[in-house]
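S.K.: I am attaching a structure below and will ask some questions about it afterwards.
The values are calculated or read from the model by the stated rules, or taken from the named source; none is laboratory data. These numbers were taken from a predicted model, which means no experiment stands behind them. Backbone-built Cβ (ideal geometry, glycine too); neighbour counts: all protein chains shown. Note: areas computed on protein heavy atoms with side chains; ligands, DNA, RNA excluded. Shrake-Rupley method; radii C 1.70, N 1.55, O 1.52, S 1.80 Å.
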Amino acid sequence: MMIVDDVENGSLGPYQDRPRTFPNMRSKPYTPLIFRILMGINVRILVILLLLGSGYVFYIGASTSPIIVFVFSVCIISFLLSIYLTKWVLSKDEGPPEMAQISEAIRDGAEGFFRTQYGTISKMAILLALVILGIYLFRSTTPQQESSGIGRVTSAYITVAAFLLGALCSGVAGYVGMWVSVRANVRVSSAARRSAREALQVAVRAGGFSALVVVGMAVIGIAILYATFYVWLGVDSPGSMKVTDLPLLLVGYGFGASFVALFAQLGGGIYTKAADVGADLVGKVEQGIPEDDPRNPAVIADLVGDNVGDCAARGADLFESIAAEIISAMILGGTMAQRCKIEDPSGFILFPLVVHSFDLVISSIGILSIRSTRDSSVKAPIEDPMAILQKGYSVTIVLAVLTFGGSTRWLLYTEQAPSAWLNFALCGLVGIITAYVFVWITKYYTDYKHEPVRTLALSSSTGHGTNIIAGVSLGLESTALPVLVISVSIISAFWLGHTSGLVDETGSPNGGLFGTAVATMGMLSTAAYILTMDMFGPIADNAGGIVEMSQQPESVREITDVLDAVGNTTKATTKGFAIGSAALASFLLFSAYMDEVASFANESFKQVDIAIPEVFVGGLLGSMLIFLFSAWACSAVGRTAQEVVKEVRRQFIERPGIMDYKEKPDYGRCVAIVASASLREMIKPGALAIISPIVVGFLFRVLGHYTGHPLLGAKVVAAMLMFATVSGILMALFLNTAGGAWDNAKKFIETGALGGKGSDSHKAAITGDTVGDPFKDTAGPSLHVLIKMLATITLVMAPVFL
């Protein structure tokens, strides 16, 4: 019997005894067009098409290199494993009907927003593709392209095709992240009724499915593109392109992935944090009701936001991170092999693809190592989920060291420098250690088991202001250790590569930059497991919301609360990991940009002199871009949250029966407000990021033309990129860590410390958490995407600056 009937009949009993009904957010199920087309094809025809497609992929792979065949094989096996994980997760029950109803409402809202958001992004991508096509049709060609017979038209269509493919794959990666999270959340909630370990295993395997698909798609997408260009252009045949120049044609793929990831992160981040802030300010602070209480009109919008912001956006984000790192490392590997006259450069070029193929293997082992115990039950003591996840990560790290060493011996051994592979293996070890240290540092500053967060929680006992001051100071302090670690890793990796014994024609060492690239690959060699831990967070958060809304016993809520707190820490640690990898990848892309400018200008371009006034101004503009972008992203959350607050207050005033469970909140209204506002608000900061480097570079190019400095535009953009990277890394570290610490300080008080829920300390902590929400889930994550997108857009648009 529904609540309306209960009200009319006067038969209201205890709330948890009454089934809840939640409204659909749309009229019919949504499935992306590409999947609808595939589902409409006869199964036998689809199997034949898949076999033909696989045959073609392996044919071009075999025509390119046995290494490509290896990469294809591993990716296909990982996709099969992801299908197994999907079936395993979906075989779990959804619990009682009220849980399923809540989950369906969340799924409807998430898929509806995804459809609208990615429809908007796709239109902008097509428009940008036309701009790129126009630029490339009128640009000059490099001497290498002229000698290989690739004209302007061919180069233009190759770049645009790569851009659109990268954008499409990034969008699919986001959809995969969202698809699994909206189906796994209710299954984690149901598993929590039985045991904490089973709930943990379901959440991890759901995240593992998304991670394997995202990483596998990034690897196989670049491999297919590389092999297709290799065969189509007749690479390495007389009078055609050299294999060492081929990776430059893949830059458009990285730009497309970055473009989609930036808008996905902005739109999803604005959505999730505006709903969260609005729900908390009115629900917790003003009305005094618990988090995720079904009486809160914004609660469904908040839970939907976890999926579109933390799952869909993060899937596109990590896809872009891996794509950018692979392409930049392939470019530098090809450049070094060409300068050092290495006979077979394919190993140096394809090495990044092999590293991430092994990443799929070792991360799969780490994911499967997390299993439920036979004697676990809801009454058993709750194990520390972070310790269990850490064990899986340790297994993955050990395997990463072994496979990375084997990969360097297999692909980077050369007779010109027999011991070079060992130096590069040590570069990889530097990257792996850097990743582990980054995870530990972020965990130290954001986990309430450690002193910084407990000190922040203690500051809440003296008021809202002291909580804000302590949180800001913690975030500022947290930038120091990561910067020191990045600095040591870049210098160590550079000198290990520099002393590898690889020299150019003049006898000068030439392996330094490639050593840094190998360290970046080492840092991302466990990316699939890192993404698994990241996806675990929002799935656990959603599970806790479903448990609260469906009024499950307190023992079940205790399990999901523990998982949720750990999920906050894993989300923060993976963001720290992403920032570290962004710093290293941006350094590589910056070097690739300088090489490309030198190729177009046909003159040396190895240094950027900031003593030149125009170049210094370019640096200032780069730093300004970071602060202005962050301001616009945070203010977008604030404006949208104000609309949510007004709507929630209106419903509590106009429907006083909501607090007594006599009237139902209008969840759909809040979802509609947040969805439309977030799509509107994401345009301005996103456009700023794309237009700024192009406009600055073009204006200073014109200035340079009239003042007799032909490379002025390229130099100013280089300074802009350099300063933006440095400022962006520090700002992202501050925002992510401060936001995560504020959130877990609130969680710590909610465990019963300092007066527990409802106390003055708790209210102050909620204020801090509210301030930190746009920091850690909107501006912070968007910044490290912005940094890499600036690097890729300068690579693609280099002709505009010359």
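S.K.: Could you tell me the center-to-center distance, by alpha carbons, between region 584-660 and region 466-492 in angstrom?
M.R.: 19 Å
S.K.: Report the Cα centroid-to-centroid distance between region 220-261 and region 500-542 in angstrom, as an integer.
M.R.: So the separation of the two Cα centres works out to 20 Å.
S.K.: While we're here: Which is farthest toward the positive dipole end of the chain among Phe58, Gly752, Phe70, measuring Cα position about the Cα centre, with Cβ charges +1 (Lys, Arg) and -1 (Asp, Glu)?
M.R.: The Cα lying farthest towards the positive end belongs to Phe58.
S.K.: Highest mean first, how do 565-572, 612-619 rank when packing is the count of other Cβ atoms within 10 Å averaged over residues?
M.R.: Numbers: 565-572: 27.1, 612-619: 17.5.
My ranking of the peptides, most packed first, is 565-572, 612-619.
S.K.: Calculate the length of the line joining the C-alpha centroid of region 45-78 to that of region 397-462, in whole Å.
M.R.: 32 Å
S.K.: Still on this structure, please answer the following. Which FRET efficiency value, to the nearest 0.05, do you get for Asp609 and Gln390 by plugging their Cβ-Cβ distance into 1/(1 + (r/R0)^6) with R0 = 60 Å?
M.R.: Working: r = 46 Å, r/R0 = 0.77.
Calculated transfer efficiency: 0.80.
S.K.: Which of the DSSP-defined H helices in the chain satisfy a minimum axial length of 18 Å, computed from C-alpha atoms, and a minimum mean Kyte-Doolittle hydropathy of 1.6?
M.R.: Details: long enough: 43-64 (31 Å, 1.78); 66-90 (36 Å, 2.18); 97-137 (59 Å, 0.63); 152-192 (59 Å, 1.06); 196-232 (53 Å, 1.45); 251-279 (42 Å, 0.90); 313-339 (39 Å, 0.61); 346-368 (33 Å, 1.82); 385-411 (38 Å, 0.91); 420-446 (39 Å, 1.30); 464-477 (20 Å, 0.69); 480-498 (27 Å, 1.86); 527-549 (34 Å, 0.80); 554-601 (68 Å, 0.49); 613-654 (61 Å, 0.63); 667-681 (21 Å, 0.59); 683-707 (35 Å, 1.30); 712-750 (56 Å, 0.99); 760-774 (23 Å, -0.66); 780-796 (25 Å, 1.47).
In the chain, the long hydrophobic H runs are 43-64, 66-90, 346-368, 480-498.
S.K.: For the chain, compute Rg over Rh where Rg is the Cα radius of gyration and Rh is the Kirkwood radius from the inverse mean 1/r over Cα pairs. Walk me through the numbers on the way to the answer.
M.R.: Details: Rg = 26.1 Å, Rh = 26.7 Å.
Radius of gyration over Kirkwood radius for the chain works out to 0.98.
S.K.: Could you work out the pair-distance distribution P(r) of region 305-345 from its alpha-carbon pairs, with 10 angstrom bin width and percents rounded to whole numbers?
M.R.: Here the calculated profile for region 305-345 is 28, 28, 20, 15, 9, 1.
S.K.: Pairs of alpha-carbon atoms within less than 8 angstrom and 6+ residues apart define the contacts here; what relative contact order does region 385-457 have, in percent?
M.R.: Details: 31 pairs, mean separation 14.0, N = 73.
Relative contact order here is 19 percent.
S.K.: Starting with the highest mean, order 502-512, 726-736 by the number of other Cβ atoms within 10 Å, averaged over the residues of each peptide. Intermediate results must be reported in sequence, preceding the final value.
M.R.: Details: 502-512: 16.1, 726-736: 25.2.
The most tightly packed comes first, giving 726-736, 502-512.
S.K.: Right, something else. Under 8 Å for C-alpha pairs, at least 6 residues apart: give me the relative contact order for the chain, rounded to a whole percent. Present the calculation step by step, with values, prior to reporting the outcome.
M.R.: Details: 1488 pairs, mean separation 153.9, N = 802.
Relative contact order of the chain: 19 percent.
S.K.: Could you state the accessible area per residue of the chain in Å², with a 1.4 Å probe and every protein chain left in place?
M.R.: Numbers: 28010 Å² over 802 residues.
With all protein chains present, the chain gives 35 Å² per residue.
S.K.: Turning to a different aspect of this structure: Report, to the nearest whole %, how much of the accessible area of the chain belongs to carbon and sulfur atoms, 1.4 Å probe, protein only.
M.R.: Working: 17960 of 28010 Å².
Reported share for carbon and sulfur atoms: 64 percent.
S.K.: Further, regarding this structure: Hey, can you rank 490-497, 215-222, 393-400 by average C-beta count inside 10 Å, highest first? Present the calculation step by step, with values, prior to reporting the outcome.
M.R.: Working: 490-497: 21.5, 215-222: 26.0, 393-400: 19.8.
Ranking, from highest mean packing down: 215-222, 490-497, 393-400.
S.K.: If a/c stays under 1.5 just call it rounded; otherwise compare a/b with b/c (prolate if a/b is bigger, oblate if not). Do that for region 75-133, with a ≥ b ≥ c from the square roots of the Cα gyration tensor eigenvalues. Mind dumping the intermediate values first?
M.R.: Working: a/c = 9.33, a/b = 1.53, b/c = 6.11.
Since a/c reaches 1.5 but b/c is at least a/b, the shape of region 75-133 is classed as oblate.
S.K.: Suppose R0 equals 56 Å. What FRET efficiency, 1/(1 + (r/R0)^6) with r the Cβ-Cβ distance, do Trp232 and Ala480 give to the nearest 0.05?
M.R.: Details: r = 50 Å, r/R0 = 0.88.
After rounding, the FRET efficiency stands at 0.70.
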